[in-house]
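**Student:** Take this structure first; my questions come after.
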Amino acid sequence: MNLSLFVQQILNGLTLGSVYALVALGLTLVYGILHIPNFSHGALFTAGAYVAFFIVGSLGANYWVGLIGAALATAAIAMLSERLVFSRLRDSPPLHDMIAAIGLLLFIEAVAHAIWGADFRRLAPPYPGIMRVAGTVLPIQRALIIAGAIGLMVALHLFLRRTVTGSTIVAMAQNREGASLVGIDLTRVSLITFAISGALAAIAAVLFAPINLISPGMGNLVILKAFVIIILGGMGSVPGAILGGMIIGFAESFGAFYISTDLKDIIAFALLVAILSLRPQGLFPAPAR
Amino acid sequence: MMITRRRVSTGLAAAAMFGALSGTALAQETVTIGWTGPLSGGAALYGKNTLSGLELAAKEINDAGGFEVGGKKYKVEVVALDDKYSPSEAAVNAKRLRSQYKAPIVFCPHSGGNFAMQAFNEQDGFIVGAYTSVPQMTERGNKLTLRIPPSFAGYIDPFIKIEMGGFGKKLGMAGADHDYAKAWAALIAPAWKAAGGTVVAENPMSYNKDTDFYSGVSRVIAASPDVMFIGGASEPTALVAKQARELGFQGGFIVMDQAKLDEMAAVLGNDMSLLEGAIGTLPLIHDSRPGAKSFVPKYRKAYNRDPGTEASLNYTTLNAVTEAMKLAGTVSDATAIHAKLSEAFGKLSPERNPSNINSVDPKGGSNAVLVVGLVKGGKVVPVDAATGTISN
């Protein structure tokens, strides 16, 4: 076995896993609030990429300004969706949330389509260079994805564990009634959670866009995988989302290299079936409600 | 039940027709040209490109006052319905275009939709305007089919000759897993071997499912090929080529005709040098034949971007269809119109015929000529498809 090619696949797996994990993290946090998987999350990923494309491509701003702008704008869209749609459905059956989420997904996608059209768009990489070490290739943008994702995960962990606001989100995810009883403001926590999930999706999209293409349907692929990841990791679990993202990322990269691109999805989903049949509750089940 | 339903729809259609006729007794009459193809989803851009050629032709015909058949002036209206690239929806759309709009021809830019329409177009009486280069399209004996682009089989020999001669005998297959790409792969791999080469890797990309191509591309590169076969929509294909270069590949590319070299370069920041040694279909903007030369500025003016061959071929075809209607003396009898298509293509002036089609064979295949381009010294140079010689 060729070592440098093996290391190459580890890097590829880390890149993909990082993007998946960031998207899945937002999804899993919102699951704690909505108790349904938020289908419109994939559209937030798309929205983030287009906002950055607009700021960088049309306004000519710096990539990092685009990244921050996209995170803020997408957080705002997510908060709006909470206020205008999901908070109004709080007492309805979960099916209503689910239908609303799908509606929102189609709506945001259609808006992107109406403004920017069906053309593929491209966000130029801020650092187009490539690092080469002993036969292993790592474009700087891919290194940025990995570093950015790890940095955000650590920050999110510290926020959830070490701050009062973070603890209220965790408390809400564990038990909504209990959290209200001890005086946690439901509306405030919901808004913060949606904002974080939107920002994470946008950052993932803007980090990933320079090595990929921007199109109205770009979120669909990623969100499908994020669903699998949060089921794999345990619905509502933060470490589960990260580990699940990495498992799917590595399964795809090693599967595509050592077996075949044709079969890599089969490998990833066979892994899902295997893990779920051994641990139906996921890798890190949320504490009992 | 079926009979009743059909009667009702005929009745409705007749009522609608009568309404249209009585309402616009003095106005010109209109012929509807049907189009079904992807207007949403991943292939939406491709769909719009094919449609734009028809719309530009229709606009020009109407601006010139329409066309005359049997003493009456007609205008052309293109009615486009979205089928999301799905054969079953294309079939439903075609039924609707025929029964509701009385379209004598329905254009469709994907092989699946065209095959689906071939199941009933003779019975329903409309021509399938097949924008697909799959060779089987005209091999099924359908009497009302027009295959617009040339069959892609003609690309195989010049592509192999130039790439094998220029880079070496080892081919890495990194095409794609959709039907069209599979049909290509099934022709190119055996032909490469027959020419004395070896296929060292086979790892098609999945453009509908992959978020990233790095691992798949590195698997092909690991087999150290001299030439890579790639292809799909232009933009993701460009990413595959770029990633191959990043991973150290220095050989040539055989680019499946679905991808266009100029559109690929646009994704790579207009840097043709990354595609050095790539052979593919010649981008229309590099085509120096007179019809193409006059079409490019017209299209740029109307749409503010460069046209591809999907626009020019459809543009030529709609011009020929209206010409065939004139020759046949009917705007509704599909069989009579189809019979005059070959003559109609031959009569078109170069300005109306940027694709240089001048006849249609008895099976319904146009004689559009393959045009091949090679990236050499950072520029696209035309290649003679028949002899495989590079012009300088």
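The values are calculated or read from the model by the stated rules, or taken from the named source; none is laboratory data. A quick note: this is a predicted structure, and the numbers were derived from the prediction, not measured. Here the Cβ is made from the backbone with ideal geometry for all residues, glycine too, and neighbour counts use every protein chain on show.
**Student:** Could you check the range A:199-220 and list, in sequence order, the residues that are more than 25 Å from A:Ala173 (Cα to Cα), more than 9 Å from chain B (Cβ to nearest Cβ) and at pLDDT 90 or above?
**Tutor:** Residues satisfying the conditions are A:Ala205, A:Val206, A:Leu207, A:Ala209, A:Pro210, A:Ile214.
**Student:** Can you tell me which residue in the range B:222-275 is farthest from the other protein chains (Cβ to nearest Cβ), limited to those that are surrounded by 21 or more Cβ atoms within 10 Å (Cβ to Cβ) and basic (Lys, Arg)?
**Tutor:** Among those residues, the one meeting the criterion is B:Lys260.
**Student:** Going through B:Gly34, B:Gly65, B:Gly53, B:Gly70 one at a time, which residue ends up being more than 14 Å from chain A (Cβ to nearest Cβ) and without any contact (Cβ under 8 Å) to a residue 12 or more places away in the chain?
**Tutor:** Of B:Gly34, B:Gly65, B:Gly53, B:Gly70, the one residue that is more than 14 Å from chain A (Cβ to nearest Cβ) and without any contact (Cβ under 8 Å) to a residue 12 or more places away in the chain is B:Gly65.
**Student:** Would you please name the residue that is nearest to B:Thr32 (Cα to Cα), looking only at residues in the range B:118-147 that are of a type outside the set (Asp, Glu) and either assigned to a helix (DSSP H, G or I) or not assigned by TED's automatic domain parsing to the domain that holds B:Asn314 (or both)?
**Tutor:** B:Asn121
**Student:** For A:Leu207, work out the one condition from (1) in contact (Cβ under 8 Å) with a residue 24 or more places away in the chain; (2) more than 30 Å from A:His113 (Cα to Cα) it doesn't fulfil.
**Tutor:** Condition not satisfied by A:Leu207: (2).
**Student:** Just to be sure I understand, how many residues within the range B:75-117 are part of a helix (DSSP H, G or I), in contact with a strand residue (DSSP E or B) (Cβ under 8 Å, 6 or more places away or on another chain) and closer than 23 Å to B:Tyr180 by Cα?
**Tutor:** Count: 8.
**Student:** Is it fair to say A:Ala75 is within 14 Å of chain B (Cβ to nearest Cβ), more than 30 Å from B:Asn304 (Cα to Cα) and small (Gly, Ala, Ser)?
**Tutor:** no
**Student:** I want to confirm something. Restricting to the range B:73-86 and keeping residues that are at negative phi and within 14 Å of chain A (Cβ to nearest Cβ), which single residue is surrounded by the most Cβ atoms within 10 Å (Cβ to Cβ)?
**Tutor:** B:Ala80
**Student:** Another question about this same structure. Taking A:Gly183 and the conditions (1) away from chain B (no Cβ under 13 Å); (2) not in a loop (DSSP other than H, G, I, E, B), which numbered condition does it fall short on, given that it satisfies the others?
**Tutor:** (2)
**Student:** Limited to the range B:196-216, what total is found for residues that are in contact with a helix residue (DSSP H, G or I) (Cβ under 6 Å, 6 or more places away or on another chain), outside any strand (DSSP E or B) and more than 7 Å from chain A (Cβ to nearest Cβ)?
**Tutor:** Here the count works out to 3.
**Student:** Of all residues in the range B:358-373, which are in contact with a helix residue (DSSP H, G or I) (Cβ under 6 Å, 6 or more places away or on another chain) and among the hydrophobic types (A, V, I, L, M, F, W, C)?
**Tutor:** Once the filter is applied, which keeps residues that are in contact with a helix residue (DSSP H, G or I) (Cβ under 6 Å, 6 or more places away or on another chain) and among the hydrophobic types (A, V, I, L, M, F, W, C), the range B:358-373 yields B:Val360, B:Leu370, B:Val372.
**Student:** Here's another thing I want to ask about it. Give me a count of the residues in the range B:126-144 that are more than 13 Å from the chain's Cα centre (by Cα) and either modelled with pLDDT of 95 or more or among the aliphatic types (A, V, I, L, M) (or both).
**Tutor:** Residues in the range B:126-144 being more than 13 Å from the chain's Cα centre (by Cα) and either modelled with pLDDT of 95 or more or among the aliphatic types (A, V, I, L, M) (or both): 4 in total.
**Student:** Here is a list: A:Ile259, A:Ile223, A:Ile229. Which entry is at pLDDT below 85, out of contact with any strand residue (DSSP E or B) (no Cβ under 9 Å at 6 or more places or on another chain) and within 13 Å of chain B (Cβ to nearest Cβ)?
**Tutor:** After ruling out the rest, the residue left standing is A:Ile259.
**Student:** Looking only at the range A:33-89, how many residues end up being in a loop (DSSP other than H, G, I, E, B) and over 20 Å from A:Trp116 (Cα atoms)?
**Tutor:** So the answer is 6.
Let's see how each residue does on (1) closer than 26 Å to A:Leu224 by Cα; (2) without any contact (Cβ under 8 Å) to a residue 40 or more places away in the chain:
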| residue | (1), (2) |
| --- | --- |
| B:Ala153 | no, yes |
| B:Ile160 | no, no |
| B:Ala181 | yes, no |
| B:Arg219 | yes, yes |
| B:Ala238 | yes, yes |
| B:Lys242 | no, yes |
| B:Glu246 | no, yes |
